[in-house]
Amino acid sequence: MAERMTFTINGKEQTVDYEPEMMLLDLLREVLNLTGTKHGCDNSTCGTCTVVMDGKAIKSCNTPAAKAAGTSILTVEGLAKGMELHPIQKAISESGAVQCGFCTPGIVMELYGLLEANPDANEVEMTNALNKHLCRCTGYEPIRDGALIAQKMIKETRK
Amino acid sequence: MMKYKYVGQPYNRPDAISKVTGKAVYLDDVRLPDMLHTAVLRPQFAHALILSVETSEAEKCPGVVKVVTGKDCKFRYGDNIKDLQPMAVTKVRYIGDPVAAVIADTAAHARAALDKIKVEYKPLPVYTDARDAMAKDAALIHEDMDDYWRLPTLKQASGTNIANTYHLVKGRGEEGFDEADVIIEEEFNYPLGSCAAIEPHGTIVWFKEDRTIEVWSTTICPFIIREDLAHSYDMPVSDVRVHTPDLGGCFGYKSDVTTEQTIAWIASFVPGRPVKWVGTREEDFTSTLLAHGIRTKMKMGAKKDGTLVAIKSIIYHTGGAYADTAVNVTIASTHNSTGPYEYKHCDLTGYTVYTNTPAVGAYRGYGHQESQIATERMMDLMARKLGMNPLEFRKKNFLSEGKVNAVGETMWKHNGNLLECANRVDKMVFGKPKPAEDDQFVYGRAMVTVMKSPKGAPFSTKGCYMKMNNDGSVNINMGGAEVGQGLRTVIKQVAAEALKIPPEQIRIYTEIDTQYSPYEWQTIGSMFTTQGGRAIIRAADKLIASLKSTAAQVLKTDVDYLEYDGEFVFLQNDPTIRVAVADLARGYITSDGITIGELAQSVSDARLPRYSNPDKNGQGSIGVSYTMGSQAVDLKIEKKTGKVIINHFYSVFDVGQVINPLQIRGSVLGGVLMSIGAALTEEVVFDKEGRITNPHLFKYHIPTYKEAPEQTIEFVETPDPIGPFGARGIGEHSVIGAAPAILNAIYDAIGVDLFEIPVTPDKVKAALEARKELK
Ligand code: FES
Ligand code: FES
């Protein structure tokens with residue numbers, strides 16, 4: 001039997017019906033058609049499904065949909081303000097961090113979870129966050145470059 | 001040196017924005033009206049006869065629309081050998097062979113019903129290695145192999161599991177070893193691996209009521225799929241439409257026909273409704289194409305002075321249950337097992353062998369790293385035996401200008417300056433002293449030189465459509481698949497240079513759709529920049545010619561008096577007599593409303609110049625364009641654990657002309673890291689029953705952020721006369737050097753020779769033990 005819950009998705013409160021065994025990833029992709037969040041593996045290894053729940057980056061593939069009730073979820077679709085990209089999106093899109101782009105939404109959301117809460121994140125924190133994401137294309141160096149540029153941009157806006 | 005305006009600049013990729021905003025549409029993001037979903041049943045055995053399939057229970061499950069089996073499937077498919085069927089009919093040959101499928105309203109319902117299908121099998125002997133499958137008394141994996149259609153250049157060994165034997169002889173072949181003073185012989189292994197793109201495979205097929213088929217797939221060869229499906233379902237090619245959406249990485253295994261025929265077979269049972277299949281990560285390992293699986297036995301002969309005289313290689317290729325895709329990998333691996341060196345005599349043999357493993361297909365590098373692991377290790381072993389410096393020994397034998405490679409092509413200056421690449425890498429890696437062994441670590445360094453040829457085919461064409469709009473902006477449509485390599489940026493920059501207009505005025509296609517896109521064979525072999533670039537320049541030349549011919553009528557002059565600068569067409573001797581390009585784009589409209597001339601648009605194509613099939617000794621002209629380079633590693637071994645830690649990796653390639661410095665660095669960074677993964681951790685492991693024991697990313701370990709070493713990457717630019725503005729292909733080359741460089745560096749560190757990868761900590765620990773015994 002389908003269940004019903006209310007949560008905030010990309011700033012808008014919404015009530016949805018979902019199957020109890022559903023994971024948050026399926027709720028986002030299949031029920032809400034928010035396909036920006038990706039599904040890259042079966043065992044919570046790749047990080048492509050990362051979204052931000054109440055300010056924290058989490059893997060939506062191993063988070064039961066029911067857990068979203070009453071929370072505020074941000075997906076990659078919710079970052080840009082109209083045509084204006086979030087600094088993380090801007091930095092990542094310009095640093096060479098995007099090749100095939102399949103890992104990109106997860107990495108963008110990971111960095112959002114990290115840098116919005118802690119713009120002064122140190123190298124270890126940054127490394128630990130990015131190490132949760134597999135990228136087969138870039139060799140990671142351009143992702144690091146993009147993350148550092150993003151951090152700088154965010155710090156500047158906070159000044 | 002010639003300077004270009006747009007070529008050589010770090011333009012950003014046109015698809016970056018859609019990818020950071022989550023708006024790029026990948027296969028799994030495609031939703032169609034009334035769409036159904038399918039899940040595929042895989043067997044419990046890797047080699048077995050199918051005695052019966054019972055589907056009635058599954059049919060009763062919630063949401064199930066249909067259960068499909070291979071019963072009554074009459075056709076086979078394949079582009080080199082027609083040994084494939086969309087679904088197993090009488091037997092299964094590997095652990096991922098499709099046995100049956102459930103079509104349901106949701107993917108979850110389809111998957112849930114799979115358990116209810118009952119299949120009875122009679123198990124047969126299982127072979128997961130070419131050598132075992134080649135044994136005299138081995139059971140046959142394809143009993144009817146002789147009946148299969150195959151390319152006339154291929155030859156099976158009847159009554160065995162050998163799907164093809166490729167043989168190349170140059171000079172006196174093996175007899176040539178009588179000229180050698182020193183001969184060495186060793187065997188190497190580059191085991192099965194996976195491309196493991198982060199996006200798994202997926203396919204949607206829709207048999208429509210209007211008797212057309214529409215397909216969306218994670219494929220870089222939509223035109224091949226179109227031709228294949230048309231052939232299998234006996235329809236005109238024009239009635240099959242294939243889309244390639246955004247691709248989440250390819251690295252080879254989304255080339256050729258992989259899952260499309262299976263999903264088409266399933267969808268053919270529910271005509272009128274689109275059927276979607278998206279592979280799980282496990283299926284991506286078990287049921288799409290694997291990579292490598294190559295053992296190389298190599299014999300090398302040299303004169304005392306370090307001149308190579310003869311090489312003999314035997315490639316044993318674990319080709320998998322179907323050899324259609326493996327056979328060309330074997331061939332490429334075999335004739336490129338020479339590395340970038342000249343030998344008077346070559347005797348090269350490649351066996352593509354049927355085994356009970358998933359079919360092997362393309363992987364970035366296409367056979368080169370698999371056999372050049374042998375070549376580059378042998379070069380070090382031979383240098384040691386000759387008492388020569390390994391680099392000096394290599395230099396003496398480089399395939400430089402005027403030398404003749406194994407297939408009989410004479411090398412030209414434009415094949416690149418390998419010497420310069422090697423010298424630069426040598427300085428980089430050996431420029432400072434090696435740290436001495438300490439309590440924790442022992443250090444090693446080594447360099448290698450590598451080459452890669454394109455792997456062409458007679459019709460390996462790339463098309464280009466170009467149209468100019470009434471403001472002078474240009475739309476370009478091509479069939480090249482954007483897998484992340486950045487070919488759209490390359491198109492933009494090459495077209496801007498050729499048309500003399502800023503890249504901002506050029507918009508590149510965002511998806512491939514065989515209904516609108518120009519023909520492209522497939523986007524493989526590091527060929528897009530070279531061939532696609534040539535097609536763009538040809539199209540631009542035609543478009544400019546058309547603008548000039550319209551302008552000649554407007555300006556009342558002969559065409560050959562006209563010049564074009566991107567903005568105007570004008571008289572050579574009086575640039576004030578001119579007409580704006582924008583005014584010519586739709587033909588020129590006079591003040592009284594008469595239109596003169598023609599629409600500014602053009603069509604072109606380009607292919608490998610003078611590609612031909614090799615003769616019976618494997619001699620011919622296969623590519624023209626080679627890219628060569630040198631790579632090196634600086635590593636340390638943790639003595640306690642045997643873990644190999646890469647400190648720094650160096651690459652220098654002669655790419656002719658850098659088109660986009662940001663992208664080309666990104667390409668090499670990624671390629672090097674992939675190949676470090678192959679060298680250190682990646683191997684698809686089988687148990688005795690032919691089951692894959694690690695079909696998940698947490699067990700098949702690809703390199704993570706923390707494991708990425710610092711890299712130094714440089715390019716030499718010896719312009720290529722064929723590629724656009726001097727550029728050569730570079731997409732795959734970066735993956736070739738890591739494995740042999742790492743093995744050579746391990747020898748440098750501990751004096752133990754290793755012959756296979758991945759060099760996991762346990763193997764290195766054993767080597768450390770062996771070293772103690774040596775001491
Ligand atoms: S889908 Fe791979 S970690 Fe969630
Ligand atoms: S850009 Fe392709 S996986 Fe990261």
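Working carefully through the options B:205, B:237, B:182, find the one that is surrounded by 19 or more Cβ atoms within 10 Å (Cβ to Cβ) and away from ligand 1 (no atom under 16 Å from the Cβ).
Working: B:237 fails: surrounded by 19 or more Cβ atoms within 10 Å (Cβ to Cβ); B:182 fails: surrounded by 19 or more Cβ atoms within 10 Å (Cβ to Cβ).
One residue alone meets the criteria, B:205.
Screening B:392, B:401 for residues that are in a loop (DSSP other than H, G, I, E, B) and surrounded by fewer than 17 Cβ atoms within 10 Å (Cβ to Cβ) leaves exactly one candidate, B:401. Residues that are facing chain A (nearest Cβ under 9 Å), among the aromatic types (Phe, Trp, Tyr) and buried (at least 19 other Cβ atoms within 10 Å of the Cβ) within the stretch B:689-720 comprise just one, B:705. Residue count for the stretch B:261-284 under the criterion of being outside any loop (DSSP other than H, G, I, E, B), touching a Gly at 6+ places or on another chain (Cβ under 8 Å) and within 14 Å of chain A (Cβ to nearest Cβ): the result is 5.
Name the single residue that is surrounded by the fewest Cβ atoms within 10 Å (Cβ to Cβ) among those in the stretch A:116-159 being in a helix (DSSP H, G or I) and facing another protein chain (nearest Cβ under 8 Å). Full working, then the answer.
Residues of the stretch A:116-159 in a helix (DSSP H, G or I): A:116-117, A:123-130, A:141-158.
Next, only the ones that are facing another protein chain (nearest Cβ under 8 Å) stay: A:127, A:130, A:141-144.
Values: A:127: 14, A:130: 21, A:141: 22, A:142: 24, A:143: 25, A:144: 19.
Only one residue tops the list, namely A:127.
Screening the stretch B:462-513 for residues that are of a type in the set (A, V, I, L, M) and under 22 Å from the mean Cα position of the chain (by Cα) and picking the one that is nearest to ligand 1 (Cβ to nearest atom) gives B:483. Does residue B:89 satisfy the criteria of being surrounded by 22 or more Cβ atoms within 10 Å (Cβ to Cβ) and over 30 Å from the mean Cα position of the chain (by Cα)? No: the conditions fail for residue B:89.
Taking residue A:80 as the residue in question, decide whether it is over 17 Å from residue A:34 (Cα atoms) and hydrophobic (A, V, I, L, M, F, W, C). Explain how you work it out, then say what you get.
Working: over 17 Å from residue A:34 (Cα atoms): no; hydrophobic (A, V, I, L, M, F, W, C): yes.
Here the answer is no, as residue A:80 does not meet what is asked.
Number of residues in the stretch A:105-147 that are within 14 Å of ligand 1 (Cβ to nearest atom) and closer than 22 Å to residue B:483 by Cβ: the value is 7. Among the residues making up the stretch B:451-486, those that are outside any loop (DSSP other than H, G, I, E, B) and more than 30 Å from residue B:614 (Cα to Cα) are B:465, B:466, B:467, B:468, B:474, B:475, B:476, B:477. Does residue B:649 satisfy the condition of being buried (at least 24 other Cβ atoms within 10 Å of the Cβ), outside any loop (DSSP other than H, G, I, E, B), in contact with an Asp or Glu (Cβ under 9 Å, 6 or more places away or on another chain) and within 14 Å of chain A (Cβ to nearest Cβ)? Here the answer is yes, as residue B:649 does meet what is asked.
Restricting to the stretch B:122-137, what's the tally of residues that are charged (D, E, K, R) and buried (at least 18 other Cβ atoms within 10 Å of the Cβ)? Number of matching residues: 1. A single entry from B:348, B:386, B:381 fulfils the requirement of being surrounded by fewer than 22 Cβ atoms within 10 Å (Cβ to Cβ) and in contact with a helix residue (DSSP H, G or I) (Cβ under 7 Å, 6 or more places away or on another chain): B:386.
So residue A:15 passes all but one of these: (1) more than 11 Å from chain B (Cβ to nearest Cβ); (2) of a type in the set (Ser, Thr, Tyr); (3) in contact (Cβ under 8 Å) with a residue 12 or more places away in the chain. Which condition number does it fail? For residue A:15, the failing item is (3).
Yes/no matrix, rows are residues, columns are (1) closer than 14 Å to residue A:10 by Cβ; (2) among the charged types (D, E, K, R); (3) away from ligand 2 (no atom under 16 Å from the Cβ); (4) part of a loop (DSSP other than H, G, I, E, B):
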position	(1), (2), (3), (4)
A:51	yes, no, yes, no
A:58	no, no, yes, no
A:77	yes, yes, yes, no
A:98	no, no, no, yes
A:105	yes, no, no, no
A:114	no, no, yes, no
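Residues that are away from ligand 1 (no atom under 16 Å from the Cβ), touching a Pro at 6+ places or on another chain (Cβ under 7 Å) and at pLDDT 95 or above do not occur anywhere in the stretch B:615-626.
Does residue A:64 fit the bill of being within 15 Å of ligand 1 (Cβ to nearest atom), in contact with a Ser or Thr (Cβ under 9 Å, 6 or more places away or on another chain) and touching a residue at least 40 places away in the same chain (Cβ under 8 Å)? No; evaluated as a whole, the condition is false for this residue.
State the number of residues belonging to the stretch A:35-68 that are out of contact with any Cys (no Cβ under 8 Å at 6 or more places or on another chain) and more than 8 Å from chain B (Cβ to nearest Cβ). So that I can check it myself, show each step before the final result.
As a first pass, look at the stretch A:35-68 and keep what is out of contact with any Cys (no Cβ under 8 Å at 6 or more places or on another chain): A:35-36, A:42-43, A:45, A:50-58, A:62-68.
Adding the requirement that they be more than 8 Å from chain B (Cβ to nearest Cβ) leaves A:50-58, A:62-68.
Going through the stretch A:35-68 one residue at a time, the tally reaches 16.
All conditions but one from (1) within 14 Å of another protein chain (Cβ to nearest Cβ); (2) buried (at least 19 other Cβ atoms within 10 Å of the Cβ); (3) under 28 Å from residue B:225 (Cα atoms) apply to residue B:101; the one that does not is (1).
Of all residues in the stretch A:79-96, count the ones that are more than 16 Å from ligand 2 (Cβ to nearest atom) and either within 11 Å of residue B:16 (Cβ to Cβ) or not charged (D, E, K, R) (or both). Reasoning before the result, please.
If we filter the stretch A:79-96 for residues that are more than 16 Å from ligand 2 (Cβ to nearest atom), which is where we start, we get A:79-87, A:90.
Add one more test, that the residue is either within 11 Å of residue B:16 (Cβ to Cβ) or not charged (D, E, K, R) (or both), and what stays is A:79-80, A:82-83, A:85-87, A:90.
So the count comes out to 8.
Taking the criterion of being more than 29 Å from residue B:522 (Cβ to Cβ) and hydrophobic (A, V, I, L, M, F, W, C), the residues of the stretch B:47-85 that qualify are B:48, B:49, B:50, B:51, B:53, B:58, B:61, B:64, B:65, B:67. If the condition is being of a type outside the set (A, V, I, L, M) and either in contact (Cβ under 8 Å) with a residue 60 or more places away in the chain or away from ligand 1 (no atom under 14 Å from the Cβ) (or both), then the stretch A:42-58 contributes A:45, A:46, A:47, A:48, A:50, A:54, A:55, A:56.
Taken together, B:633, B:672, B:644 contain a single residue that is in contact with a helix residue (DSSP H, G or I) (Cβ under 7 Å, 6 or more places away or on another chain) and within 16 Å of ligand 2 (Cβ to nearest atom), which is B:672.
Report yes if some residue within the stretch B:283-291 is touching a residue at least 40 places away in the same chain (Cβ under 8 Å) and either in contact with a helix residue (DSSP H, G or I) (Cβ under 7 Å, 6 or more places away or on another chain) or surrounded by fewer than 19 Cβ atoms within 10 Å (Cβ to Cβ) (or both); otherwise report no. Working first, answer last.
Narrowing the stretch B:283-291 to residues touching a residue at least 40 places away in the same chain (Cβ under 8 Å): B:283-291.
Now narrow it down to the ones that are either in contact with a helix residue (DSSP H, G or I) (Cβ under 7 Å, 6 or more places away or on another chain) or surrounded by fewer than 19 Cβ atoms within 10 Å (Cβ to Cβ) (or both): none.
Within the stretch B:283-291 (the criterion being touching a residue at least 40 places away in the same chain (Cβ under 8 Å) and either in contact with a helix residue (DSSP H, G or I) (Cβ under 7 Å, 6 or more places away or on another chain) or surrounded by fewer than 19 Cβ atoms within 10 Å (Cβ to Cβ) (or both)), the answer is no, since none of the residues qualifies.
The residues of the stretch B:664-675 that are facing chain A (nearest Cβ under 9 Å) and either more than 23 Å from residue B:493 (Cα to Cα) or within 18 Å of the chain's Cα centre (by Cα) (or both), listed by number, are B:666, B:667, B:668, B:669, B:670, B:671, B:672, B:673, B:674. Checked against the criterion of being under 20 Å from residue B:463 (Cα atoms) and away from every other protein chain (no Cβ under 14 Å), the stretch B:204-214 contains not a single residue that satisfies it. Go through (1) more than 16 Å from ligand 1 (Cβ to nearest atom); (2) more than 15 Å from the chain's Cα centre (by Cα); (3) facing chain B (nearest Cβ under 8 Å); (4) within 19 Å of residue A:130 (Cβ to Cβ) for residue A:100 and report which single condition fails. Going through (1) more than 16 Å from ligand 1 (Cβ to nearest atom); (2) more than 15 Å from the chain's Cα centre (by Cα); (3) facing chain B (nearest Cβ under 8 Å); (4) within 19 Å of residue A:130 (Cβ to Cβ) one by one, residue A:100 breaks only (1).
The values are calculated or read from the model by the stated rules, or taken from the named source; none is laboratory data. Owing to the predicted nature of the structure, the values given are computational and were not obtained by experimental measurement. Ideal geometry is used to build each Cβ from the backbone, glycine not excepted, and the neighbour counts take in all protein chains shown.
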